[in-house]
1. Measuring nothing but label to label, 7 Å from Cα along Cα→Cβ, what are A:Thr94's distances to the other copies in nm, shortest first?
2. With springs only between Cα atoms under 10 Å apart, run a GNM on chain A and tell me which of A:Val104, A:Val41, A:Val22 wobbles the most.
3. Any of A:Lys105/B:Lys105; B:Lys105/C:Lys105; A:Lys105/B:Lys47 with alpha carbons more than 23 Å apart? Name them for me.
4. Can you tell me the orientation of helix A:70-83 relative to chain A, as the angle in degrees between its alpha-carbon axis and the longest Cα principal axis, to the nearest 10?
5. In square angstrom and rounded to 100, what buried accessible area do you get between chains A and C, total over both, with the probe at 1.4 Å?
6. I need the inter-copy label distances for B:Pro70: point set 7 Å along Cα to C-beta, values in nm with one decimal, smallest first.
7. Please name whichever of B:Ala60, B:Ala133, B:Ala42 sits farthest to the positive end of the charge dipole of region B:27-135, dipole taken about the Cα centre and charges placed at Cβ: Lys and Arg +1, Asp and Glu -1.
8. Take every residue in peptide B:20-33, count the Cβ atoms of other chains within 10 Å of its Cβ, and give the average of those counts.
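The values are calculated or read from the model by the stated rules, or taken from the named source; none is laboratory data. In this text the structure is predicted, and so the values were computed from the model without any measurement. All Cβ positions, glycine included, derive from the backbone under ideal geometry; neighbour counts span all protein chains shown. Surface areas here come from the heavy atoms of the whole protein model, side chains and all, with no ligands, DNA or RNA. Shrake-Rupley method; radii C 1.70, N 1.55, O 1.52, S 1.80 Å.
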Amino acid sequence: MKGSLSPITVCVPQLIATATLVIDTSGSSFAEITREVMRFVAESRAKDGALFLFARHTSASLVIQENADPDVRNDLASGLDRLAPASAGWVHDTEGPDDMPAHVKTMLTGVSLHVPVIGGALALGTWQGIYIAEHRAQPHRREIVLQFIGSRL
Amino acid sequence: MKGSLSPITVCVPQLIATATLVIDTSGSSFAEITREVMRFVAESRAKDGALFLFARHTSASLVIQENADPDVRNDLASGLDRLAPASAGWVHDTEGPDDMPAHVKTMLTGVSLHVPVIGGALALGTWQGIYIAEHRAQPHRREIVLQFIGSRL
Amino acid sequence: MKGSLSPITVCVPQLIATATLVIDTSGSSFAEITREVMRFVAESRAKDGALFLFARHTSASLVIQENADPDVRNDLASGLDRLAPASAGWVHDTEGPDDMPAHVKTMLTGVSLHVPVIGGALALGTWQGIYIAEHRAQPHRREIVLQFIGSRL
């Protein structure tokens, strides 16, 4: 392993911007929200800093993953089904057989993320998209708090 | 999928507050720390920004999950046992059969989290609580660094 | 469970520093980057705040784990192999049998992390190191965006 560090750029923190993104999911699936997050960054006049995303839920999560081949998202979902199958003998089943697997999948993938913002743009890699992963079988309304901390355009 | 973005609120970063929360766990379990984190937010006079939590450990992790039915936490723990069983033939076993599973569980659930703070309150969802997940069998003393970055009340 | 909160220290946000760390991995392995991150913190003249790391990839991830016994990293890798085996019948296989498992492993371990910085030093626990986990079989060049938000030395 060898590492090389680029020159460091610096700026002054000037702005905290906050908004809530509401998404109606279509049941178990990965719904891309990259475009909505980009719009928040642009409308906030964010320049350099970090963008924080937080999902206010325990059965839906935030995932940054491949944005090209839709088969990847299907395989990610089936990969999670392997890890938390409905048939695992969960004790908590009052909200249906998909509920406890959804909690486990949310725990494994997380509800808190950040993405760097550089020169007013999300510093995502070429193949990265931002997704809200709905782990319940039925459609749900989901809330994601978006925040930018950094300098202002 | 359709998304709607709320109006954006803005403020100026004024404050970074830092403290360490020490928790004595009772062995393998999810211990809720939401109240302690709320106290930190209040005593810091935090207004709008983000609260960051970091667990300084490799066999205990931070999880945001359902705070109502205790069965959910038991199922989350048994869900992790399925994924990293003591019997998996781990090479590293000098610290006991529960040690390597605890490292894997910590890797899967993570030691770094944030929660938005809006108007002086944690913007958790209705069913979300913050937990330190102890993955070792025996009780341990755990340290969590709490930090707020944002505006001041 | 009983928790005790240390006194709170405060400072003013003055600095956002950003750089990119480029790492050439040697194929499937955990490569430690703690030293490179420490160098970024020192060269940024970071004092109190938080250090954010973001991996711009969908088949390599960021992990904070045990830095003493190399067997632990080997067991972490084999633990992930159990969870996302090459033989699971993935639909997406155009980029080779190691590609879809690498996406699942990246989703489970994450590309976004923070570590507190206190008095100019990373507040890692005694046994914690920061790793880029390469989940593809072959060597890859990986980019990690490092950012500090906080006060200045």
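1. Here A:Thr94 shows inter-copy label distances of 4.8, 4.8 nm.
2. Checking each option, the largest mean-square fluctuation is seen for A:Val22.
3. Working: A:Lys105/B:Lys105 13 Å; B:Lys105/C:Lys105 13 Å; A:Lys105/B:Lys47 32 Å.
With Cα atoms farther than 23 Å apart: A:Lys105/B:Lys47.
4. 50
5. Roughly 3700 Å².
6. Those label-point separations list as 4.6, 4.6 nm.
7. B:Ala42
8. Values: counts 9, 4, 5, 4, 4, 2, 2, 0, 0, 1, 2, 3, 2, 2.
Per residue, the average neighbour count from other chains is 3.
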